[in-house]
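Pasting a structure here, questions to come.
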Amino acid sequence: MKSFFYLATFMLLVLTIHSCGEDDTPITRGSLVPAKFELPFNNASAQKGQSIRVEVSIANLENVKSIKVFTKDTVIFEGPAKKESYLFEVNTRNWGIGTNQLTLETKTTDDKTRRDNRIVKIIPDVFPQEYTAEVLKEYPHSTMSYTQGLEFDGDQLYEGTGGMGSSMIAKVDLNTGAIQDKKMLGEKYFGEGITILGDRLYQLTWQEHTCFVYNKNTMEEIETFTYTGEGWGLCNNGEQLIMTDGSERLYFRDPNTFGLIKTLEVYTNEGPVKGLNELEYINGKIYANIYTTNQIAIIDPETGIVTGRIDASILALDYRKTGEVFNGIAYKESTKQLFVTGKNWPNMLEIGLVKE
């Protein structure tokens with residue numbers, strides 16, 4: 001159901017990013033653009049480390065004082081306009097993975113500044129290591145739990161569930177699947193991902209723009225934060241919260257204020273990985289369920305590159321039995337055990353990874 005909503009949100013964001021003509025004065029119909037990009041085309045893509053051709057044309061040299069071609073981090077050219085065409089070969093080895101904006105800034109003789117923007121998508125040159133999941137041990141799991149978040153704190157397993165009027169956070173007995181303690185969300189909230197940092201348990205909501213913060217021991221509410229967009233998955237790296245909204249983006253947030261610190265796009269060598277859902281931070285990597293698939297992406301949190309990919313198709317085939325999707329990853333640090341489950345699945349599974 002929620003996939004329809006995140007697609008619309010993503011398209012709106014793309015349209016916003018791709019807007020051109022970011023000028024100090026508007027360009028009216030029929031007016032002459034003093035300088036513009038001929039290359040690259042908007043939404044061009046390149047593998048990281050490849051060179052791209054950047055071509056600038058100037059319509060009338062008499063009307064242009066200077067031009068500047070730059071990215072967020074690098075000035076490619078800056079100087080007076082002396083010819084009608086400029087051509088550059090720009091290496092992308094220092095560009096970030098995902099969306100990069102290339103800008104042409106033109107200063108005219110009437111002291112106006114005009115900009116032309118191009119979006120270039122940088123794709124990793126890294127092939128992810130492929131794994132297959134194998135079941136090491138089965139544990140009971142409540143088929144009433146629409147799993148949205150799963151996490152260990154020491155030996156204690158916590159689970160967050162979704163559903164209007166049925167969302168909760170719960171302490172769960174791993175061996176029996178029994179709920180030991182729980183706290184229900186209000187009727188108007190649809191619970192999503194959870195994570196524990198220190199003594200605080202954080203729980204997202206889907207479309208209610210609210211993050212609840214609880215005392216992990218008593219599960220009493222401490223405070224709430226608000227955010228824009230949807231909430232899907234949540235984990236932490238010991239210092240920052242890391243959140244998904246169903247797109248290909250990871251949002252790093254301050255655990256004290258929920259303020260946005262940075263955004264990272266997740267890519268494989270084939271392109272962006274959309275549908276990032278439930279998260280777990282394991283040994284310096286982010287493990288992410290890909291919504292409606294039987295795959296887990298292993299993500300480098302510094303670059304957004306998918307370094308590994310787990311195929312759990314056999315788990316869905318053998319253990320789902322409810323028609324609901326694969327979702328839920330938990331890592332027990334003390335025993336180095338990796339657990340997965342799905343929404344309303346009858347089993348929680350300890351798995352091992354086999355390299356393909």
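Name the residues in segment 63-87 that are within 27 Å of Thr303 (Cβ to Cβ) and open to solvent by less than 30 Å² (accessible area, probe 1.4 Å), would you?
Once the filter is applied, which keeps residues that are within 27 Å of Thr303 (Cβ to Cβ) and open to solvent by less than 30 Å² (accessible area, probe 1.4 Å), segment 63-87 yields Val69, Thr71.
Now for a separate question. Output the number of the condition that Gly323 fails; it satisfies all remaining conditions of (1) among the small types (Gly, Ala, Ser); (2) modelled with pLDDT of 95 or more; (3) open to solvent by 40 Å² or more (accessible area, probe 1.4 Å).
Checking Gly323 against (1) among the small types (Gly, Ala, Ser); (2) modelled with pLDDT of 95 or more; (3) open to solvent by 40 Å² or more (accessible area, probe 1.4 Å), the one that fails is (2).
Scan segment 324-332 and give yes if some residue there is under 24 Å from Gln203 (Cα atoms), β-branched (Val, Ile, Thr), assigned to a loop (DSSP other than H, G, I, E, B) and in contact with a Lys or Arg (Cβ under 8 Å, 6 or more places away or on another chain), otherwise no. Break it down stepwise before answering.
Step one: list which residues in segment 324-332 are under 24 Å from Gln203 (Cα atoms), which gives 324-332.
Add one more test, that the residue is β-branched (Val, Ile, Thr), and what stays is 325, 329.
Right, trim to assigned to a loop (DSSP other than H, G, I, E, B) and you get 325.
Restricting the remaining residues to those that are in contact with a Lys or Arg (Cβ under 8 Å, 6 or more places away or on another chain) gives 325.
Checked against the condition, which is being under 24 Å from Gln203 (Cα atoms), β-branched (Val, Ile, Thr), assigned to a loop (DSSP other than H, G, I, E, B) and in contact with a Lys or Arg (Cβ under 8 Å, 6 or more places away or on another chain), segment 324-332 yields at least one hit.
Could you look through segment 175-226, keep only residues that are in contact with a Phe, Trp or Tyr (Cβ under 9 Å, 6 or more places away or on another chain) and basic (Lys, Arg), and pick out the one that is farthest from Glu138 (Cα to Cα)?
Arg200
In segment 247-280, what residues are among the β-branched types (Val, Ile, Thr) and buried (at least 16 other Cβ atoms within 10 Å of the Cβ)? Before you say what the answer is, go through the steps one by one.
Keep residues of segment 247-280 that are among the β-branched types (Val, Ile, Thr), which gives 257, 261, 263, 266, 268, 273.
Within segment 247-280, Val266, Thr268, Val273 meet the criteria.
Here are Gln148, Gln101: which of them is open to solvent by less than 30 Å² (accessible area, probe 1.4 Å), on the phi < 0 side of the Ramachandran plot and not aromatic (Phe, Trp, Tyr)? Full working, then the answer.
On the way: Gln101 fails: open to solvent by less than 30 Å² (accessible area, probe 1.4 Å).
Gln148 is the lone residue from the list that is open to solvent by less than 30 Å² (accessible area, probe 1.4 Å), on the phi < 0 side of the Ramachandran plot and not aromatic (Phe, Trp, Tyr).
Is segment 65-72 home to any residue that is over 39 Å from the mean Cα position of the chain (by Cα) and in contact (Cβ under 8 Å) with a residue 40 or more places away in the chain? I'd like the intermediate steps shown before the answer.
Kept after step one, since they are over 39 Å from the mean Cα position of the chain (by Cα), are these residues of segment 65-72: 65.
Retained after the next criterion (residues that are in contact (Cβ under 8 Å) with a residue 40 or more places away in the chain): 65.
Yes, some residue in segment 65-72 is over 39 Å from the mean Cα position of the chain (by Cα) and in contact (Cβ under 8 Å) with a residue 40 or more places away in the chain.
Which of the residues spanning segment 173-212 are closer than 21 Å to Thr226 by Cβ and open to solvent by 50 Å² or more (accessible area, probe 1.4 Å)?
Lys183, Met184, Glu187, Lys188, Arg200, Gln207, His209
Checking the condition exposed (fewer than 14 other Cβ atoms within 10 Å of the Cβ) and farther than 30 Å from Gln47 by Cβ, which residue from Lys332, Lys343, Lys336 passes? Even if it seems obvious, please write down each step before you answer.
Details: Lys332 fails: exposed (fewer than 14 other Cβ atoms within 10 Å of the Cβ); Lys343 fails: exposed (fewer than 14 other Cβ atoms within 10 Å of the Cβ).
Testing whether each residue is exposed (fewer than 14 other Cβ atoms within 10 Å of the Cβ) and farther than 30 Å from Gln47 by Cβ leaves just Lys336.
Quick one: in segment 305-320, which of the residues that are surrounded by fewer than 21 Cβ atoms within 10 Å (Cβ to Cβ) and touching a Gly at 6+ places or on another chain (Cβ under 9 Å) is nearest to Ile179 (Cα to Cα)? Give the steps one after another, and end with the answer.
Filtering segment 305-320 down to residues surrounded by fewer than 21 Cβ atoms within 10 Å (Cβ to Cβ) leaves 307-309, 311, 313-314, 316-318, 320.
Applying the additional criterion that residues be touching a Gly at 6+ places or on another chain (Cβ under 9 Å) yields 316, 320.
Numbers: Ala316: 24, Arg320: 20 Å.
This residue is Arg320.
Do the conditions hold for Ile123, that is, is it closer than 30 Å to Asn237 by Cα and either small (Gly, Ala, Ser) or open to solvent by 20 Å² or more (accessible area, probe 1.4 Å) (or both)? Steps first, answer last, please.
Working: closer than 30 Å to Asn237 by Cα: yes; either small (Gly, Ala, Ser) or open to solvent by 20 Å² or more (accessible area, probe 1.4 Å) (or both): yes.
When the stated conditions are applied, Ile123 passes them.
So how many residues does segment 282-304 have that are buried (at least 22 other Cβ atoms within 10 Å of the Cβ) and out of contact with any Gly (no Cβ under 8 Å at 6 or more places or on another chain)?
4
Select, from Glu220, Glu208, the only residue that is acidic (Asp, Glu), at pLDDT 95 or above and either under 20 Å from Tyr146 (Cα atoms) or within 22 Å of the chain's Cα centre (by Cα) (or both). Step through it out loud before you land on a result.
Numbers: Glu220 fails: either under 20 Å from Tyr146 (Cα atoms) or within 22 Å of the chain's Cα centre (by Cα) (or both).
Criteria check complete, one pass: Glu208.
Another question, then. From the list Gly238, Gly165, pick out the single residue that is of a type outside the set (Phe, Trp, Tyr) and in contact with an Asp or Glu (Cβ under 6 Å, 6 or more places away or on another chain). Lay out the reasoning, then the answer.
Numbers: Gly238 fails: in contact with an Asp or Glu (Cβ under 6 Å, 6 or more places away or on another chain).
Every option except Gly165 fails the conditions.
The values are calculated or read from the model by the stated rules, or taken from the named source; none is laboratory data. Here the structure is a predicted model, which means the values were calculated and not measured. Counting neighbours? That spans all protein chains shown, and the Cβs are built from the backbone with ideal geometry, glycine included. Remember, those area values only see protein heavy atoms, side chains included, never the ligands or the DNA or RNA. Shrake-Rupley method; radii C 1.70, N 1.55, O 1.52, S 1.80 Å.
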